[in-house]
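S.K.: Got a structure here, written out as structure tokens. Questions coming.
The values are calculated or read from the model by the stated rules, or taken from the named source; none is laboratory data. Because the structure is a prediction, the values reported are computed rather than measured. All Cβ positions, glycine included, derive from the backbone under ideal geometry; neighbour counts span all protein chains shown.
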């Protein structure tokens with residue numbers, strides 16, 4: 001960042017704020033939008049698919065967490081890859097960093113658009129007179145404005161919404177599981193389409209695990225970041241995985257598999273079957289709070305990724321400008337505009353296109369998880385003085401073995417992503433590579449950790 005810039009980022013987020021941002025970012029899409037197609041693939045073993053996706057995400061998140069405890073800066077994987085791959089090649093480190101920043105910005109801007117439409121759909125339960133083509137764009141605009149207002153205010157609102165959604169989802173899980181405790185195990189065929197179907201469901205459910213680094217992108221806005229960031233991230237992810245597994249078990253326990261697979265709102269169907277009087281209201285509250293916080297997480301993370309790259313001139317410097325309160329307002333606006341455009345895509349009949357873009361976002365996210373697991377191994381081998389505040393457990397000769405296991409698992413899951421989405425994701429990588437060589441390489445102002453500390 002240029003020294004002439006007077007405004008600076010403010011550290012205002014405590015552990016609870018960071019945890020709630022992580023929970024809110026993770027819950028939104030996965031539990032409300034992918035259950036029906038996931039059940040079509042794997043049947044009664046839905047909860048196992050949630051568990052596998054969650055374990056892979058948790059294992060990968062610990063790679064992020066270790067590097068965050070040493071490099072707690074805006075941009076998360078952008079920063080980690082830049083420093084981790086530097087001993088191998090300066091160009092490689094910057095290129096992978098640009099991939100992470102660009103993929104995150106594109107992926108989560110489109111994801112926010114999809115989640116906005118989910119919010120609009122559930123809002124009709126409470127406000128049937130408000131059509132989705134008004135409420136969808138409206139929530140996108142309102143959240144963008146809220147993020148421009150300030151991160152401290154946003155964090156407090158997000159904490160309240162996250163607590164409401166957790167209580168609501170726990171209530172849904174309790175009532176649905178109570179209706180049939182044996183649930184999935186009452187079916188003779190737990191895996192409808194075998195192991196292949198299970199992995200295909202995991203690939204779909206991966207949409208709900210996309211935001212593993214949402215908290216970490218706010219590194220310079222966190223209090224005591226080297227401690228709070230890694231533990232807030234991991235605890236948020238564990239919270240959400242437990243919720244997902246319980247709700248996934250409960251959904252299958254309360255309703256016939258075929259009905260759930262055919263339903264446009266399987267979670268609503270499940271709770272209405274066991275709680276017909278209050279079920280619609282409960283599901284609406286859970287969905288509205290979850291989708292709102294998910295949009296907040298998407299826009300926060302994407303804007304901070306764009307900002308982190310822009311302040312080093314990897315993207316135009318206009319996106320690195322800060323308001324008086326330390327908000328990267330142009331980055332927030334750019335992210336909000338792209339999310340709004342994605343919202344309109346569904347409204348005007350391009351929902352299938354948006355779904356493909358969301359699948360490309362899943363590919364991008366799991367690709368970044370692979371990179372971060374590899375990055376940690378490289379860091380361990382190239383930096384003998386490495387002394388992070390958080391350390392990945394279960395190491396053999398200083399190699400985080402489970403990080404390698406997570407990388408292999410992510411590679412397997414990626415093969416089950418829609419082939420068109422994989423092609424789009426690879427296309428994004430090619431465009432970002434061209435951007436690096438045609439624009440960013442000659443302009444890049446590489447900031448070391450010391451440089452950032454002194455900003």
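S.K.: Hey, any hits in the stretch 64-76 for a residue that's surrounded by 24 or more Cβ atoms within 10 Å (Cβ to Cβ), assigned to a helix (DSSP H, G or I), under 18 Å from the mean Cα position of the chain (by Cα) and at pLDDT below 95?
M.R.: Checked against the condition, which is being surrounded by 24 or more Cβ atoms within 10 Å (Cβ to Cβ), assigned to a helix (DSSP H, G or I), under 18 Å from the mean Cα position of the chain (by Cα) and at pLDDT below 95, the stretch 64-76 yields no hits at all.
S.K.: Looking at (1) touching a residue at least 60 places away in the same chain (Cβ under 8 Å); (2) crowded, with 19+ Cβ neighbours inside 10 Å; (3) more than 22 Å from residue 159 (Cα to Cα), which is the one condition that is false for residue 344?
M.R.: The one condition residue 344 does not meet is (2).
S.K.: Can you tell me which of (1) more than 29 Å from residue 380 (Cβ to Cβ); (2) part of a helix (DSSP H, G or I); (3) at pLDDT below 95 is the one residue 430 doesn't meet?
M.R.: Of the numbered conditions (1) more than 29 Å from residue 380 (Cβ to Cβ); (2) part of a helix (DSSP H, G or I); (3) at pLDDT below 95, the odd one out for residue 430 is (3).
S.K.: OK, next. Kindly indicate whether any position in the stretch 361-381 is without any contact (Cβ under 8 Å) to a residue 60 or more places away in the chain and out of contact with any helix residue (DSSP H, G or I) (no Cβ under 7 Å at 6 or more places or on another chain).
M.R.: yes
S.K.: Out of the stretch 392-424, which residues are part of a helix (DSSP H, G or I) and under 19 Å from residue 76 (Cβ atoms)? Break it down stepwise before answering.
M.R.: So the first thing to find is which residues in the stretch 392-424 are part of a helix (DSSP H, G or I), and the list is 401-414, 419-424.
Within the stretch 392-424, 403, 406, 407, 410 qualify.
S.K.: Any residue that is without any contact (Cβ under 8 Å) to a residue 60 or more places away in the chain, within 16 Å of residue 102 (Cα to Cα) and assigned to a helix (DSSP H, G or I) - is there at least one of those in the stretch 441-450?
M.R.: No, the conditions are met nowhere in the stretch 441-450.
S.K.: So which residues in the stretch 259-272 are part of a helix (DSSP H, G or I), modelled with pLDDT under 90 and surrounded by fewer than 21 Cβ atoms within 10 Å (Cβ to Cβ)?
M.R.: Passing the criteria: 261, 262, 272.
Residues are listed down the side, and each one gets a yes or a no for (1) closer than 30 Å to residue 79 by Cα; (2) touching a helix residue (DSSP H, G or I) at 6+ places or on another chain (Cβ under 7 Å):
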site: 200; (1), (2): no, yes
site: 217; (1), (2): yes, yes
site: 223; (1), (2): yes, no
site: 253; (1), (2): no, yes
site: 263; (1), (2): no, yes
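S.K.: I'd like to check something: does the stretch 48-59 contain any residue that is buried (at least 23 other Cβ atoms within 10 Å of the Cβ), in contact with a helix residue (DSSP H, G or I) (Cβ under 8 Å, 6 or more places away or on another chain) and within 20 Å of residue 399 (Cα to Cα)?
M.R.: Let us first name the residues in the stretch 48-59 that are buried (at least 23 other Cβ atoms within 10 Å of the Cβ), namely 49-50, 53-54, 56-57.
Among the residues that remain, those that are also in contact with a helix residue (DSSP H, G or I) (Cβ under 8 Å, 6 or more places away or on another chain) are: 49-50, 53-54, 56-57.
If we keep only those that are within 20 Å of residue 399 (Cα to Cα) too, we end up with 56-57.
For the stretch 48-59, residues buried (at least 23 other Cβ atoms within 10 Å of the Cβ), in contact with a helix residue (DSSP H, G or I) (Cβ under 8 Å, 6 or more places away or on another chain) and within 20 Å of residue 399 (Cα to Cα): present.
S.K.: While we're on this one: Search the stretch 251-279 for residues that are on the phi > 0 side of the Ramachandran plot and pair each with any residue that is part of a loop (DSSP other than H, G, I, E, B) and modelled with pLDDT under 90 when their beta-carbon atoms are under 7 Å apart and the residues are at least 6 apart or on different chains.
M.R.: Listed by first residue and then by second, the contacts come to nothing, as the list is empty.
S.K.: Which condition breaks for residue 326 when tested against (1) crowded, with 21+ Cβ neighbours inside 10 Å; (2) closer than 29 Å to residue 435 by Cα?
M.R.: Condition not satisfied by residue 326: (1).
S.K.: I'm trying to understand the selection: among the residues of the stretch 173-188, which are within 23 Å of residue 37 (Cβ to Cβ) and out of contact with any helix residue (DSSP H, G or I) (no Cβ under 7 Å at 6 or more places or on another chain)?
M.R.: 185, 186, 188
S.K.: Write out, first by first residue and then by second, each pair whose Cβ atoms fall under 6 Å of each other, whose residues are 6+ apart or on separate chains, and whose first residue, in the stretch 1-15, is at pLDDT 65 or above while the second is surrounded by fewer than 16 Cβ atoms within 10 Å (Cβ to Cβ) and in a loop (DSSP other than H, G, I, E, B).
M.R.: As it stands, the answer is 7/324; 11/223; 14/223, since those pairs meet every condition given.
S.K.: Sticking with this one: Pick out, from the stretch 85-190, the helices (runs of 4 or more DSSP H) lying fully within it that include 1 or more residues that are more than 21 Å from the chain's Cα centre (by Cα), modelled with pLDDT of 90 or more and within 30 Å of residue 337 (Cβ to Cβ).
M.R.: Values: elements: 90-126, 132-149, 151-179.
Answer list for the stretch 85-190: 90-126, 132-149.
S.K.: Within the stretch 208-221, identify whether any single residue is assigned to a helix (DSSP H, G or I) and closer than 26 Å to residue 171 by Cβ, and answer yes or no. Lay out the reasoning, then the answer.
M.R.: Within the stretch 208-221, the first condition is being assigned to a helix (DSSP H, G or I), and the residues that meet it are 208-209, 219-221.
Next cut, closer than 26 Å to residue 171 by Cβ only: 208-209.
Yes, the stretch 208-221 contains a residue that is assigned to a helix (DSSP H, G or I) and closer than 26 Å to residue 171 by Cβ.
S.K.: Say whether the condition of being touching a helix residue (DSSP H, G or I) at 6+ places or on another chain (Cβ under 8 Å), within 22 Å of residue 212 (Cβ to Cβ) and modelled with pLDDT under 90 is met by at least one residue in the stretch 391-408. Even if it seems obvious, please write down each step before you answer.
M.R.: The first filter runs over the stretch 391-408 and keeps only residues touching a helix residue (DSSP H, G or I) at 6+ places or on another chain (Cβ under 8 Å), leaving 391-395, 398-400, 402-407.
Add one more test, that the residue is within 22 Å of residue 212 (Cβ to Cβ), and what stays is 391-395, 399-400, 402-407.
If we keep only those that are modelled with pLDDT under 90 too, we end up with none.
Taking every residue of the stretch 391-408 in turn, none turns out to be touching a helix residue (DSSP H, G or I) at 6+ places or on another chain (Cβ under 8 Å), within 22 Å of residue 212 (Cβ to Cβ) and modelled with pLDDT under 90.
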